[in-house]
Every structure is written in C-alpha cells, then in structure tokens.
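Below is one structure; the comments refer to it alone.
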Amino acid sequence: MVEENITFPISAIEKGVVIDHITAGQAMTIINTLNLTSRDYLIMLGINLPSISMGKKDIIKLENYTLSEDECNIIVVFSPKATVNVIDEYKVFKKLKPELPERIENIGQCPNNRCITNHENIGSLFIVNKHGSKEIHLCCHYCKKEMCFYNFS
Ligand code: CTP
Ligand code: ZN
C-alpha cells in the first residue's frame, strides 16, 4: 500500500518481524509485556511516526526473531489495528492480523503483588473479555485482579 510510505529514519530489515500500525504510545507497553528486551536481537523502535491512516503510529522491528502465535495475538489488547509482518530476504514474507485471544498464558505479569503467580513458580494466566468495541478486560485466573484497556484509535 502506498499510503504508509512516508519516509522516516528506520531502516528496512533483512529478516525478522515488523509490528506495524501500533496505536501511538503503545509500543513500550508491547515491548514490556512481551519482554522483548530480554533477548539479544536488535530492536528498532519508532514512536509517534506520521501515518496517513492513523495520524500517528508506533512501530517495532525485531531482527532475526519470530513472534509466537500467542505473542502475536496479545498485541491486539493494546493495539487493535496492529499488523505483524514476517520479513525474509528484505521482503514481506507473511502479513499477519493478530486476533484477540480468549486467554493469555505465560505472557505478562499479574500487577497484584500478593498474587500467587508472583510468589510461586506458577505461570500467569489471564482470561480476556471484550466490553463493547473499545474496552478489553484481562482477569487474572488466580487472584481475579482485573485490568482494563481502552482502545480509541
Ligand atoms: N519493512 C521492513 N523491512 C523490510 C520490508 C518491510 O522494515 N525489508 C516494514 C515496512 O517499513 C513496513 C512494514 O514492514 O512498516 C510492512 O511493509 P509493507 O507491507 O511493504 O508496507 P505497507 O504496504 O505500507 O504495509 P500495510 O499494507 O500493512 O500498510
Ligand atoms: Zn493475579
């Protein structure tokens, strides 16, 4: 599509993943939730880039890394319009449209300090509920703590 071809100084990657059309301001939340800085690959990050369709958008490029299906789908919680592009030999090899999952397992951390998942060796588990078109709730399976996310983009 021509419309996103506004130039900005983030280079193309040879192989990896580009998370594009992220709601402006949400890239850091995605990076933290998916714990993307815990590994050793190169990450390029653009925040508040101009976009014709969205006004402003964020973008994350991960070199030599693939997202799992679960990692891909959790992005929708923070960014309903996000696309995940799998890049190989400098070409877009696959374009994925993440879908809101029913549950999120072993990704992210419960914000309740007293939650058992923060004290024992138990993976996190959140149940996802959509309220209307803009509101998404994640409920911790163990302590029932609810987190609300609003998407107005
Ligand atoms: N991209 C990249 N490195 C490459 C190829 C593409 O970083 N070797 C990035 C582009 O900068 C863009 C995204 O991957 O942000 C998707 O590329 P492409 O499908 O070519 O762009 P658009 O057509 O604008 O995407 P869409 O149709 O999703 O708007
Ligand atoms: Zn909890």
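The values are calculated or read from the model by the stated rules, or taken from the named source; none is laboratory data. Just so it is clear, the model here is predicted, and its values are computed rather than measured. Cβ placement follows ideal geometry from the backbone for every residue including glycine, while neighbour counts extend to all protein chains displayed.
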Restricting segment 91-133 to residues that are farther than 19 Å from SER79 by Cβ and aliphatic (A, V, I, L, M), which is nearest to ligand 2 (Cβ to nearest atom)? ILE116
Residue, modelled with the highest pLDDT, within segment 79-109, restricted to residues that are of a type in the set (A, V, I, L, M, F, W, C) and touching a Cys at 6+ places or on another chain (Cβ under 8 Å): VAL84
Only one residue in LEU96, LEU62 is in contact with a Gly (Cβ under 9 Å, 6 or more places away or on another chain), of a type in the set (A, V, I, L, M, F, W, C) and within 14 Å of ligand 1 (Cβ to nearest atom), so which one is that? LEU62
Here the residues within segment 76-100 that are surrounded by 18 or more Cβ atoms within 10 Å (Cβ to Cβ) and touching a helix residue (DSSP H, G or I) at 6+ places or on another chain (Cβ under 6 Å) are PHE78, ALA82, VAL84, PRO98
Give me a count of the residues in segment 46-62 that are surrounded by 15 or more Cβ atoms within 10 Å (Cβ to Cβ) and of a type outside the set (Lys, Arg). 9
Among strands (runs of 3 or more DSSP E) entirely inside segment 1-117, those with 1 or more residues being over 22 Å from LEU138 (Cα atoms) and of a type in the set (Gly, Ala, Ser) are 16-23, 43-51, 55-63
Where VAL18 falls short, out of the listed (1) surrounded by fewer than 19 Cβ atoms within 10 Å (Cβ to Cβ); (2) in contact (Cβ under 8 Å) with a residue 60 or more places away in the chain; (3) away from ligand 2 (no atom under 16 Å from the Cβ): (1)
Checked against (1) touching a Phe, Trp or Tyr at 6+ places or on another chain (Cβ under 6 Å); (2) within 16 Å of ligand 1 (Cβ to nearest atom); (3) of a type in the set (S, T, N, Q), THR117 satisfies every condition except (2)
ILE127: passes all of (1) outside any strand (DSSP E or B); (2) in contact with a Cys (Cβ under 8 Å, 6 or more places away or on another chain); (3) more than 22 Å from THR23 (Cα to Cα) but (1)
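Do you know which residues across segment 110-144 are charged (D, E, K, R) and either surrounded by 15 or more Cβ atoms within 10 Å (Cβ to Cβ) or at pLDDT below 95 (or both)? It would help to see each step written out before you state the result.
Filtering segment 110-144 down to residues charged (D, E, K, R) leaves 114, 120, 130, 134-135, 144.
Matches in segment 110-144: LYS130, LYS134, GLU135.
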Show the residue pairs that are 6+ apart or on different chains and have beta-carbon atoms under 6 Å apart, the first residue being within segment 21-36 and free of Cβ contacts under 8 Å to residues at least 40 places away in the same chain, the second being outside any loop (DSSP other than H, G, I, E, B) and buried (at least 21 other Cβ atoms within 10 Å of the Cβ). ALA27/ASP58; ALA27/ILE60
